[in-house]
Amino acid sequence: MNSSKQMERRAVLYSDVQPTAEQEKRFEDFLRRKYGEEVPLQWEKDPELHGGFRLQVDFHKQVGADVYDWSLEGRLRQFKDRLSKLTTNVTSVITLMQEAVENWTPEALAEETGVVLTVGDEIAVVSGLEHVAYGEILLFSSGVRGMVQDLRRDRIGCVLFGDSALITEGSIVRRTGRTAGIPVGDGFLGRVVDALGSPIDGRGPIEAADYRPIEMPAPGIIDRQPVDAPMETGLLAIDAMFPIGRGQRELIIGDRQTGKTALALDTILNQKGKDVVCIYVAIGQKSSSVAKLVETLKRRGAMEYTVVVNAPASASSPLQYIAPYAGCALGEYFMYQGRDVLIVYDDLSKHAIAYRALSLLLERSPGREAYPGDVFYLHSRLLERSAHLSEEKGGGSMTALPIVETQAGDVSAYIPTNIISITDGQIFLESDLFFSGQRPAVNVGLSVSRVGGAAQTKAMKKAAGTLRLDLAQYREMEVFTQFSSDLDETTKRQLAYGQSLMRLLRQAQYQPMTQHEQVITLIAAQDHVMQEVPLNEVNTFQKALIAWAEQQAPELCARIDRTGQLSDEDRTDIQHFSKAFLGQYQESHKEQ
């Protein structure tokens, strides 16, 4: 073997006592088998290695090395790594630990190490980790953990989940062999955690049942079934015209301060008593805003079935980047148990900004509008994991409500168009409607649900009727007639009808409606009952009508909620008692 070939690798054996000739021969044989060539071996004394040795194989002209650590410390670390890979299920962990202790023997495993070249801005560039994988967790000598995000021929880029000030150039970094993940379990319900799954609500540790990688392949076509069960929001404007199904991905989009988070929060509140697990992922929000939201959930009894994953604006970009994936992994744990999950990503605009910052620091080439070219993949691989699983997979579902903030209502910008193309519809909240008092400020023309009536109960489908068409006609007529003072009687009645519908769709926050309330309201409205009421009294009349219906026909209300069915006879009954109540309402107001 020529000398240039021999200079490719060099092995150094560190130990307290010099090895015998026989031991040296065994080491040389091991190196020959491992690397397929003769590797020069030299011995160096290390008084700290009592009762063990460390074999280090350096690569010529390359930073980093393979380290075979048989020191006491190295064998103990191997043992700890073995234990850390056991499941955290309490019922089986004792048995697994006993088996690990009884059967464990230290192995001649190459502990691949590298060296930090540069560090700063939550990014470390490392050299020497030849076999590292994308998404793998690395452990730095200071104890800080990082995740591999950029692979190049001579170095790798790593995002840091700890204080980058603790890492210096030349620090040693080693592989863990594990991909980034999060602990999961029922113990997370009612808790507020960070993007790594650590509790931040001051209520002590959380007992985890399992550990899931934050990046997982989405369920395939065979593992899914059609979206056909409703995920009711309790908001009349949404459930009647843009129904959301369990397993659907419905985008909530609009300018800043138009009620996007309020809509998502009302949907979470409406899941009370429906055996739905809710996960709210806050990305780049103010900590005070998240604290206020958590307090609202607690006060209204919704926190007991909700998990809040918080990566606030003060958190580092890597934590904001992994937060939605961590929330999704938590949701998948419940989904694969056959349960229904609702997950809110608030919001993906800030998520894209955090990812853009990381990508530019990693020196990736930018794409359109200075975003990295793979920002579409960033959100598609997240949202595709929402599904309605087949019965063979347990029949669970995960419904996603991603939120995106627009600038001046521009839905054709880069991030909005990306996510619109990924999702199954969008609810567009318009600033002009919001400031005119129409809340939720849903734009009927630009909003759509691609699942549609398939996710509605038969009762809601019958009751909704031509509501969306009537509103669209009213909006058009309103534009053409706003400058005209001479209107015929038919046009005036159509305008009055449209105005009463718009007023009816105004709904106060934290007041979700049950199915029977929505059905009775819609049937009465489309029978032009509300049209006979003064515009400023429509909402008062609607509440009084519901209370009267619950008193006069409790069996009908209970049946609609329980079965989701509405017969022609039921519809006729609702029309009759709505008109009867209108007469009573008008009489009582005449007397006043």
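The values are calculated or read from the model by the stated rules, or taken from the named source; none is laboratory data. Given the structure is predicted, the values throughout are model-derived calculations rather than measurements. Glycine also receives a Cβ, built like all others from the backbone with ideal geometry; neighbour counts cover every protein chain displayed. Each accessible area value is taken on the protein alone, full model and side chains, heavy atoms only, with ligands, DNA and RNA left out. Shrake-Rupley method; radii C 1.70, N 1.55, O 1.52, S 1.80 Å.
What nm value, rounded to one decimal, do you get for the distance between Tyr336 and Phe435 when each label is placed 7 Å out toward the C-beta?
4.8 nm
Kindly provide the Kirkwood hydrodynamic radius of the stretch 397-459 in Å, to one decimal, from all pairs of distinct alpha carbon atoms.
13.2 Å
Along the Cα→Cβ direction, 7 angstrom out, place labels at Leu487 and Thr168. What is the inter-label distance in nm?
Here the answer is 7.7 nm between the modelled labels.
Computed FRET efficiency, Cβ-Cβ of Leu535 and Asp186, R0 35 Å: what is it to the nearest 0.05?
Here the calculated transfer efficiency is 0.10.
Quantify how much of the Cα-Cα distance distribution of the stretch 118-230 extends past 18 Å, in percent.
Tail of P(r) above 18 Å: 61 percent of Cα pairs.
When the Cα centres of the stretch 514-592 and the stretch 327-361 are compared, how far apart do they sit, in Å?
Taking the Cα centre of the stretch 327-361 as reference, the centre of the stretch 514-592 is 41 Å away.
Over the Cα atoms of the stretch 148-205, what Rg and Dmax result, in angstrom?
Answer for the stretch 148-205, Rg first and Dmax second: 15.7, 46 Å.
Which three semi-axes in whole Å describe the equivalent ellipsoid of the chain, each the square root of 5 times a Cα gyration tensor eigenvalue, listed largest first?
Semi-axes, largest first: 62, 25, 18 Å.
As an exercise, use a Förster radius of 56 Å and the Cβ-Cβ distance of Arg152 and Thr563 to find the FRET efficiency, rounded to the nearest 0.05.
Computed FRET efficiency for Arg152 and Thr563 comes out at 0.40.
In whole Å, what is the distance between the alpha-carbon centres of the stretch 229-250 and the stretch 411-490?
Comparing the Cα centres of the stretch 229-250 and the stretch 411-490, I get a distance of 14 Å.
Determine the calculated [θ] at 222 nm for the chain from helices alone, applying -39500 (n - 2.57) to every DSSP H run no shorter than 4 residues and normalising by the residue count; nearest 500 deg cm²/dmol.
Counting only the DSSP helices, I get -12000 deg cm²/dmol.
Where does the stretch 227-336 land on Rg(C-alpha)/(2.2 N^0.38 Å)?
1.09
When the chain is fully extended, how far beyond the present Cα-Cα distance does Leu139 get from Thr466, taking 0.36 nm per residue of separation?
111.7 nm
Take every Cα-Cα distance within the stretch 334-480, group them into 5 Å bins from 0 onward, and report for each bin the whole-number percent of pairs it holds.
Bins of 5 Å from zero give 2, 7, 13, 17, 16, 15, 12, 9, 5, 2, 1, 0 percent of pairs.
Among the lysines, which fall within straight-line cross-link reach of Lys34, defined as a Cα-Cα distance under 28 Å, with same-chain neighbours fewer than 8 residues apart omitted?
Output for Lys34: Lys5, Lys25, Lys45, Lys61, Lys80, Lys85.
Work out the length of the dipole vector of the chain about its Cα centre, built from +1 on the beta-carbon of each Lys and Arg and -1 on the beta-carbon of each Asp and Glu, and round it to the nearest 20 debye.
In total the dipole reaches around 180 debye.
Rounded to the nearest 20 debye, what is the charge dipole size of the stretch 498-591 about its Cα centre when +1 sits on each Lys and Arg Cβ and -1 on each Asp and Glu Cβ?
320 debye
Only sites in a loop by DSSP and with at most 13 other Cβ atoms within 10 Å count here; which trypsin sites (Lys or Arg not before Pro) in the stretch 256-319 make the cut?
Sparse-neighbourhood loop trypsin sites (Lys or Arg not before Pro): Arg256, Lys274, Lys286, Arg300.
Using mean Cβ contacts within 10 Å as the protection proxy, how do 144-154, 487-497 order, highest first?
144-154, 487-497
Quick one: in the stretch 193-246, what % of C-alpha pairs are over 16 Å apart?
Of the Cα pairs, 68 percent sit more than 16 Å apart.
On a 23 Å Cα-Cα criterion, which of the cross-link pairs Lys458/Lys492; Lys393/Lys462; Lys462/Lys579; Lys272/Lys298; Lys274/Lys461; Lys260/Lys393 come out too long?
Lys458/Lys492; Lys393/Lys462; Lys260/Lys393
Highest mean first, what order results for 157-166, 37-46, 518-527 on Cβ atoms within 10 Å?
518-527, 157-166, 37-46
Multiplying the sequence separation of Asp201 and Gln575 by 0.36 nm and subtracting their Cα-Cα distance, what value in nm do you get?
So the extension gain works out to 129.6 nm.
What's the carbon and sulfur percent of the chain's accessible surface, probe 1.4 angstrom, rounded to a whole number?
Within the chain, the accessible surface is 51 percent carbon and sulfur.
With every protein chain left in place, what is the accessible area per residue of the chain in square angstrom, probe 1.4 Å?
On a per-residue basis, 47 Å².
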